[in-house]
Amino acid sequence: MAHYKSNLRDIEFNLFEVFGTGDRLAKGPYAELDSDTVHSILSEVDRFVREDLAEQFADADRNPPVYDPKTRSVTMPAAFKASFQRLMGTGYVSLDLPEELGGTLAPRALWWSLAELVLGANPAAFMYAGGPGFAATFWRLGTDEQKKWAQIFVDKQWGATMVLTEPDAGSDVGAGRTKAIPQADGTWHIEGVKRFITSAEHDMTDNIIHYVLARPVDTAGAGGPGTKGLSLFMVPKFHFDDETGELGERNGAYVTNVEHKMGLKASPPPAN
Ligand SMILES: Cc1cc2nc3c(=O)[nH]c(=O)nc-3n(C[C@H](O)[C@H](O)[C@H](O)COP(=O)(O)OP(=O)(O)OC[C@H]3O[C@@H](n4cnc5c(N)ncnc54)[C@H](O)[C@@H]3O)c2cc1C
């Protein structure tokens, strides 16, 4: 039996009896969701995380991701990878997305109830599954061109990371030294070292989109000291065709190590 014992009755008590979520369903922005549908989504996700996702928790701890310094790639444990792909296939991420990106508008309390189940069963899986949610933020803040890219990221369920921390810039994120150098073709060349980046390299999605804080140089109206001088850059692991999403050349952002931490540890590369 897996480690995770969920408490669906408690989640539903909070959702329906404390927060009155049922009163807001089946009308207005949530017209597509009624109480029966929400109960069945919750019980299906509950069943999936207990019977499937939670099963991989101990296995992935004993058979952790393997970093290969030659290819600078990470191979994930097979059972975890298969379970993660089933999680993405349940469609649960669509409740975190706006309708314009193919999602189903859902009360945030419902989304976080589902998140509690997934996080409780296997927190690493929740982090790896964040790509579409990150893309939704990119879509909300992005230009028309970037909105098109965000749709590709969602459709292809590419992974994503947030890339803030540097060896000398943790709590004091405004001390970051990573530079963004403008290029003649309108793109940017990013130079710097980041660390502790969750899900930065793995073989579970075809591409990984890194959202990177860097400081533009030689750019009027941008850059300068502190947090106000930082801008956010989209750095794909692989370049992609912005109409079809077809993968192109490998970009120059690589991981150099994997942290040994609880839950889903890294193991040394296999001996040759
Ligand atoms: C498991 C894990 C996952 C992570 N994932 C990501 C990620 O995906 N992306 C990313 O960008 N980063 C990530 N991080 C990095 C994380 O955000 C940083 O560790 C965090 O910002 C703290 O930075 P630091 O580790 O350099 O510690 P420091 O900033 O060096 O702090 C060290 C100690 O000093 C204390 N301290 C710092 N400043 C002050 C102050 N002004 N006054 C009093 N005390 C202070 C801190 O509380 C702490 O105890 C991750 C870290 C971990 C452990």
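The values are calculated or read from the model by the stated rules, or taken from the named source; none is laboratory data. All values derive from a computational prediction rather than experimental measurement. Here the Cβ positions follow ideal geometry from the backbone for every residue, glycine too, while neighbour counts run over all protein chains shown. In case anyone asks, the SASA skips ligands and DNA or RNA and just uses the protein heavy atoms, side chains included. Shrake-Rupley method; radii C 1.70, N 1.55, O 1.52, S 1.80 Å.
Ignoring any ligand, DNA or RNA, what whole percent of the accessible area of the stretch 8-129 comes from carbon and sulfur when the probe is 1.4 angstrom?
53
Take every Cα-Cα pair in the chain and report what % of them are more than 30 Å apart.
That tail contains 37 percent of the Cα-Cα pairs.
First obtain the Kirkwood hydrodynamic radius of the stretch 144-250 from its Cα pairs, then insert it into the Stokes-Einstein equation at 37 °C and 0.692 mPa s, and state the resulting D in µm² per second as a whole number.
Translational diffusion coefficient: 222 µm²/s.
Can you pull the one-decimal nm distance between simple spin-label points at residue 47 and residue 35, each 7 Å off the Cα toward Cβ?
If labels sit at residue 47 and residue 35, their model points lie 2.2 nm apart.
Would you mind working out the accessible area per residue for the stretch 144-250, using a 1.4 Å probe, and quoting it in Å²?
Accessible area per residue, the stretch 144-250: 55 Å².
Mind ranking 170-180, 56-66 by how tightly packed they are, going by the mean number of other C-beta atoms within 10 angstrom, highest first?
Per-residue Cβ counts within 10 Å, averaged per peptide and sorted highest first, yield 56-66, 170-180.
Straight-line reach only, C-alpha to C-alpha below 28 angstrom: list the lysines that residue 261 could link to, leaving out same-chain residues fewer than 8 apart.
Excluding near neighbours in sequence, the set is 5, 70, 81, 194, 237.
With a 1.4 Å probe and all protein chains kept in place, how much accessible area does residue 30 have, in Å² rounded to the nearest 10?
40
Taking the Cα centre of the stretch 8-129 as origin, sum charge times position over the Cβ atoms of Lys and Arg (+1) and Asp and Glu (-1), and report the length of that vector in debye to the nearest 20.
540
Which of the lysines could be linked to residue 228 by a straight reach, that is with a Cα gap under 16 Å, when you skip same-chain ones fewer than 8 residues away?
179
On a 0 to 90 degree scale, rounded to 10, what angle separates helix 108-121 from the longest Cα axis of the chain?
80
Ratio of Rg to Rh for the stretch 8-129, alpha carbon only, Kirkwood?
A ratio of 1.06.
How large is the charge dipole for the chain, taken about the Cα centre, if only the Cβ atoms of Lys, Arg (+1) and Asp, Glu (-1) carry charge, to the nearest 20 debye?
I would put it at about 840 debye.
Roughly how many Å² is the accessible area per residue of the stretch 8-129, as a whole number, for a 1.4 Å probe?
47
Taking a cut-off of 13 Å between Cα atoms, list the aspartates and glutamates near residue 148, but don't count ones fewer than 8 places away on the same chain.
100, 241, 242, 243
So what does the Cα-only Debye profile of the stretch 105-192 read at q = 0.24 Å⁻¹, as log10 I(q)/I(0), no solvent term?
With no solvent term, the Cα-only Debye profile gives -1.20.
Subtracting the Cα-Cα distance from 0.36 nm times the residue separation, let me have the gained length for residue 119 to residue 137 in nm, one decimal.
4.4 nm
Mind checking the angle between helix 144-155 and the chain's longest principal axis? C-alpha axes, 0 to 90 degrees, to the nearest 10.
50
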